[in-house]
1. Being closer than 22 Å to G287 by Cβ, open to solvent by less than 70 Å² (accessible area, probe 1.4 Å) and in contact (Cβ under 8 Å) with a residue 40 or more places away in the chain is the requirement here; does L158 meet it?
2. Among (1) under 26 Å from F212 (Cβ atoms); (2) touching a Pro at 6+ places or on another chain (Cβ under 7 Å), there is one condition G260 misses while meeting the rest; what is its number?
3. Kindly provide the set of residues from region 311-338 that are in contact (Cβ under 8 Å) with a residue 12 or more places away in the chain and not in a strand (DSSP E or B), ordered by number.
4. Any residue in region 185-214 that's touching a residue at least 60 places away in the same chain (Cβ under 8 Å): show its pairings with residues that are open to solvent by 50 Å² or more (accessible area, probe 1.4 Å) and in a loop (DSSP other than H, G, I, E, B) at Cβ separation under 6 Å, as long as the two are six or more apart or on different chains.
5. When region 132-149 is examined, which residues are found to be over 13 Å from the mean Cα position of the chain (by Cα) and not in a loop (DSSP other than H, G, I, E, B)?
6. If V83 passes every condition in (1) surrounded by fewer than 17 Cβ atoms within 10 Å (Cβ to Cβ); (2) at pLDDT 95 or above but one, which one does it miss?
7. Would you say G316 is more than 21 Å from the chain's Cα centre (by Cα) and surrounded by fewer than 15 Cβ atoms within 10 Å (Cβ to Cβ)?
8. Can you tell me which residue among G159, G87, G111 is farther than 19 Å from T244 by Cα and assigned to a strand (DSSP E or B)?
Amino acid sequence: MPPGHRPPRTVTTAHLRLRPMTDDDALDPRILRWHTDPRGYELMYERPYRDTATATARLRSWAARWGSVGVGYWIAERDGLPVGIGGVDPLQHEGRDHLNLYYRLDPSARGQGFAREIATAATAYAAEWWPDRSVVARIAPTNGPSLKVARAAGLVDLGPRRAPQDPGDLPAPRFLRSPFARVGPVHAGDSAYDELLDLWCRVNDSGGAVGFEPRAPREAVAEALDRHLTDPHTTLVRLHAPTTRGQDDPPATGPLLGFGFVVLASHFAMRHRCSLMRVMTDPDQRGVNLGRLLMSALHARARKHGRELVQIDYRGGTGLGAFYERCGYVETGRMPGGLRFSFGDRDDVAMTRRLDGLPLPGSTNT
């Protein structure tokens, strides 16, 4: 990671401030009740901690992760008060390093979408700052609300997976894993090339603003794809669904969920910059955090190239500006009517963010 590129420890969502746990949190009666009250475990196979001392010890161990590893669970605050806990925590699973997704709310904070905010922020954070570790979760099939949150955060349900501690007389928990980002060459004639072209055409036809109008000729899209794939300053990042075979076998990825390009500026005065282009996700899988996960994967790749600033342009009138703001971008340029289409003129808008964990003026955290 380039000097100065350190993950932000505190993240802000639409309604919450997510900050690292501390030892003081392990002594907070409100937070302890979340882990000792049986009512919070009614849909789970796990049981609450048997007493306050046991819960305190566990919470302290979670808080220590921020110092020892650099990532762990957050305390979610609303108007300065703790309303939940969650995020990702280091986990060894099947001999590999992963991040475990977790979320738990105060009873008074349920039903307001806070668990989804925590989970979607956590998976995007992991994809950007810990790209070599997938996010996993094991959730009892009886816990419908938790399964819904995990899927909305981008995790893919890979089916039942039993562990030694699970009750033998109950159905096995569901095992969920985050999508994988893949970087590497793709050539015309490859099955991966056809996947890219098919997805780009489907995005065009669904009204996606990725350089074309609906029903654009497939040959024209292929020409644009070929230009990106052969550009020495451009890196393709693909987002794929996971499979039950795990991440130790790179070819064992599932369907293509999205892709985009990192374009490196080559001028000597701009070698700290890059741009993102043709960022798109499967239009049939909206509402499951794929856009944030893909953006995070692109940021992670740009950071590996040592870049500090990243820019993305978008077509005005699409609503994409609000999405990019949630990814930490601020508007840095606008040409009214700068894009002309058969359906009318649209503004050409540029947005920028930093990649070193520091916000541009007016931006939000990643």
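The values are calculated or read from the model by the stated rules, or taken from the named source; none is laboratory data. In this text, all values refer to a predicted model and were calculated from it rather than measured experimentally. Positions of Cβ are generated from backbone atoms using ideal geometry, with glycine treated the same way; all protein chains shown enter the neighbour counts. Areas reflect the complete protein model, heavy atoms only, side chains present, ligands, DNA and RNA absent. Shrake-Rupley method; radii C 1.70, N 1.55, O 1.52, S 1.80 Å.
1. Details: closer than 22 Å to G287 by Cβ: yes; open to solvent by less than 70 Å² (accessible area, probe 1.4 Å): yes; in contact (Cβ under 8 Å) with a residue 40 or more places away in the chain: yes.
In short, yes.
2. Among (1) under 26 Å from F212 (Cβ atoms); (2) touching a Pro at 6+ places or on another chain (Cβ under 7 Å), the lone unmet condition for G260 is (2).
3. Answer for region 311-338, where residues must be in contact (Cβ under 8 Å) with a residue 12 or more places away in the chain and not in a strand (DSSP E or B): G316, G317, T318, L320, G321, F323, Y324, E325, R326, C327, G328, Y329.
4. Close Cβ pairs satisfying both conditions: A209/T318.
5. Correct list: A137, R138, I139, G144, P145, S146, L147, K148, V149.
6. (1)
7. Details: more than 21 Å from the chain's Cα centre (by Cα): yes; surrounded by fewer than 15 Cβ atoms within 10 Å (Cβ to Cβ): no.
It is false that G316 is more than 21 Å from the chain's Cα centre (by Cα) and surrounded by fewer than 15 Cβ atoms within 10 Å (Cβ to Cβ).
8. Numbers: G159 fails: farther than 19 Å from T244 by Cα; G111 fails: assigned to a strand (DSSP E or B).
Every option except G87 fails the conditions.
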